[in-house]
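A short worksheet on the structure shown next.
Laboratory data are not the source of any read-out in this text; all were calculated from the coordinates shown. Worth saying up front: this structure is predicted, and the values here are computed from it rather than measured. Here the Cβ positions follow ideal geometry from the backbone for every residue, glycine too, while neighbour counts run over all protein chains shown.
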Amino acid sequence: MTFDPWNLTAFVLMAIATYACRAGGYWLFRQISPSPTLRAIMAYIPGALFVSFVVPAIIKGGLQPLVGAVATAAVMLATRSLPLSITVGLAAAWAVWLFR
Amino acid sequence: MTDTPVVFTRAGMLRGAKDSFPLLVGMTPFGLVCGIMAQGVGMSVGEISLMSGLVYAGAAQVVALAIWGHPPDLISVTLAAFVVNLRFALMGPVLAPWLNHMRGWRLWGSLFMTVDQNWALSLREMNAGGRDAGYLMGSGMALWLMWVGTSALGHILGSQIRPEPGHPLFFTALGVFVAMLATMWRGRVDVLPWAVAGCVSAGMAQLLPGTFYYIVAGALAGSITGGLRDRRREKRAA
């Protein structure tokens, strides 16, 4: 098992950059006392964040992720079961892929 | 929010780990792909395990592995990690009602263990009145173990499975996000902020292809729109 020093350096730098994001946002936030406006904005972060992750990915991927996403969301809303919704979504995406 | 104090117990950690089980299933193909890519650029099993353990951010690792050289361009891969993971900076403050009650390794360790999946899971737990902050770290540790394990396994399987780009297996990573997004829907108040987030992120992805600024840009645009609208309504009602 080999460990290349350049690779190790890159891992450490990436880890520092990633942890700076994870801890830095919270740390900065703790330095200020959030105003009511900031708190109102924060209530919308979860949904807006996940929408911003999903929408461009579907646009880039086309029909297959679109069908998979619609199936996943529909099953999730109906059953509230994460494993079931992902399984059905994957099956739907797979079907589109097979019949493309 | 209740007045019950926030605690951090082993039982909470165990429950977090148990609740993250379905997420582990969704994470598996993603970890395998990461390992396959690492094998493709000539890393050892030890190297990809170390990378996954230290960085612990799937999307950033896949992006970095796609541009990995010999030696890797240190500035490019570090910047890629920073930009792809900038979204984490928005996540920590949302869990402040839990995090503010933690100190030392529990606080900074919980932040290290935060990824999209267990953040959304913990947020649901917190909003449902959960007061055991160990839930975040417990679910994060389960996901961390699975992430390191599946990326190592992907490396070992390496040459056997080589799913082409666009293979439906890659959908599972997106599927987890879609399923969690479905549970975040609160009704009409979300229409405008979600629409703004969708349009801004899609537009940014077109303007700056190959970068990941669109996630943070869309998240900020959507949440600021929703927050400012609510404040204006409150002021008008007052």
Q) How large is ³J(HN,Hα), in whole Hz, for each residue of segment A:89-94 in order, when computed from phi with the Karplus curve 6.51 cos²θ - 1.76 cosθ + 1.60 and θ = phi - 60°, using x for Gly and Pro? A) x, 5, 4, 5, 5, 5
Q | Shielding score for A:80-92, defined as the mean number of other chain Cβ atoms within 10 Å | A | 6
Q | Over chain B, volume per residue of the alpha carbon convex hull, in Å³ | A | 148
**Q.** Surface/4 of the Cα convex hull for segment B:48-169, nm²
**A.** 9.0
Q.
Viscosity 0.692 mPa s, temperature 37 °C: give me the Stokes-Einstein translational D for the protein assembly as shown in µm²/s, with Rh taken as the Kirkwood radius over C-alpha pairs.
A. 161
Q: Counting other beta carbons within 10 Å of each Cβ, put A:76, B:102 in order, fewest first.
A: B:102, A:76
Q: Throw me the Rg/Rh for segment A:41-100, computed over C-alpha atoms with Kirkwood Rh, two decimals.
A: 1.05
**Q.** Amide H contacts of residue B:20 (H built 1.01 Å from N, under 5 Å, at least 5 apart or other chain)
**A.** none
(Q) Could you derive backbone 3J(HN,Hα) for segment B:218-233 from the dihedral phi with the Karplus parameters 6.51, -1.76 and 1.60 (θ = phi - 60°), listing whole Hz in sequence and x where the residue is Gly or Pro? (A) x, 4, 5, 4, x, 6, 5, 4, x, x, 5, 4, 4, 5, 5, 4
Q | Long-range HN-HN contacts of residue B:87 with modeled amide H, under 5 Å | A | none
Q) Under the Karplus relation 6.51 cos²θ - 1.76 cosθ + 1.60, θ = phi - 60°, what is the ordered set of whole-Hz ³J(HN,Hα) values for segment B:186-202, x standing for Gly and Pro? A) 10, x, 4, 4, 7, 4, 5, x, 5, 5, 4, 4, x, 5, 5, 5, 5
Q. What's the average, rounded to a whole number, of partner chain beta-carbon atoms within 10 Å of each residue's beta-carbon in B:120-126?
A. 1
Q | Residues with amide H under 5 Å from that of residue B:7, placed H, sequence gap 5 or more | A | B:132, B:133
Q.
Just to be sure I follow the definition: excluding the sites themselves, where is the longest run in chain A that has none of the chymotrypsin sites (Phe, Trp or Tyr not before Pro) in a DSSP loop with at most 13 other Cβ atoms within 10 Å?
A. A:4-98
Q. Other chains near B:190-201: what is the mean number of their Cβ atoms within 10 Å of each residue's Cβ?
A. 5
